[in-house]
Every structure is written in C-alpha cells, then in structure tokens.
Amino acid sequence: GTPSDLSPAHSGVLQYVFKSECPFANSIDRVRFVERHFYNRQQLMHFDSDVGHYVGHTLYGEIQARNRNNLPEKLEHKQAVVDRCRHKYEILEQFLMNRREPPSSSQCLP
C-alpha cells in the first residue's frame, strides 16, 4: 500500500516493522537469512547472511547498523540463523519433493 491507502484514523500512526526471511534458490545449498527493519514503510536497515553485517539505508539506520555491527556475538548469532533455515528447508524439501507429481484423476473431485 501507499500512504494514500491509509484511512484518516491511521494517518498519524507510527509503525515499526521487523521482517525476517530465508530465501533460497533452486536448492538448499544457497539458503540465505535476510532481516529487514522498517519505520513508516521506509527500510531503515537490513542484515543479509551473504553480506555478513547490517547495512543502513537511512541516517538512523546507518547508526543502528553500526551499533549492531560492533557486537560480534550478535553478528555470529545472525550468521547461525542460516543453518536453522537450511535445516527447516531440508525437512520441507523431503515433504514437498515427494508431492511434485500432479494429482491423479482419482484424487480429483468431480
């Protein structure tokens, strides 16, 4: 949505959003962990396990990224999340790969 999508009741609401995801490409060998921080729909900073540190996108985001990048244990923890993502995909892959064939006509509803 765009700011014009907001009702007048929500126009003055300040919103902080934190999103994390584990995208992968074609196999679980290329799993990444990405964490994004937004304030009022503007991305402040993000962490990408391929990059290995936080990157700021605004002045405030740069300050926050620098502070987080100065905490080695925090960066190590974020890098370790990619292993948990990979483990989850290993489980899901076993489940999903066995279901790649389209359903047979006997499985379809009339």
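The values are calculated or read from the model by the stated rules, or taken from the named source; none is laboratory data. Everything numeric here is computed off the predicted structure, so don't read it as measured data. Reconstructed Cβ throughout: ideal geometry from the backbone, glycine too, with neighbour counts over all protein chains shown. Note: areas computed on protein heavy atoms with side chains; ligands, DNA, RNA excluded. Shrake-Rupley method; radii C 1.70, N 1.55, O 1.52, S 1.80 Å.
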Handout entry: Residue match in the stretch 50-68 (condition: within 14 Å of residue 34 (Cα to Cα), of a type outside the set (Gly, Ala, Ser) and open to solvent by 80 Å² or more (accessible area, probe 1.4 Å))
Key = yes
Completion exercise
Within the stretch 20-38, of all residues that are more than 14 Å from residue 82 (Cβ to Cβ) and modelled with pLDDT of 95 or more, the one most open to solvent (accessible area, probe 1.4 Å) is 36
Problem - Residue list for the stretch 33-61, filter: in contact with a Ser or Thr (Cβ under 6 Å, 6 or more places away or on another chain) and in a strand (DSSP E or B) - result: 35, 44
Exercise for the section: Under 9 Å between Cβ atoms, at least 6 apart or on separate chains: pull out the pairs that start in the stretch 76-89 with a residue that is closer than 13 Å to residue 50 by Cβ and in a helix (DSSP H, G or I) and end on any residue that is open to solvent by less than 100 Å² (accessible area, probe 1.4 Å) and among the basic types (Lys, Arg). Expected result: 78/68; 82/32; 85/32
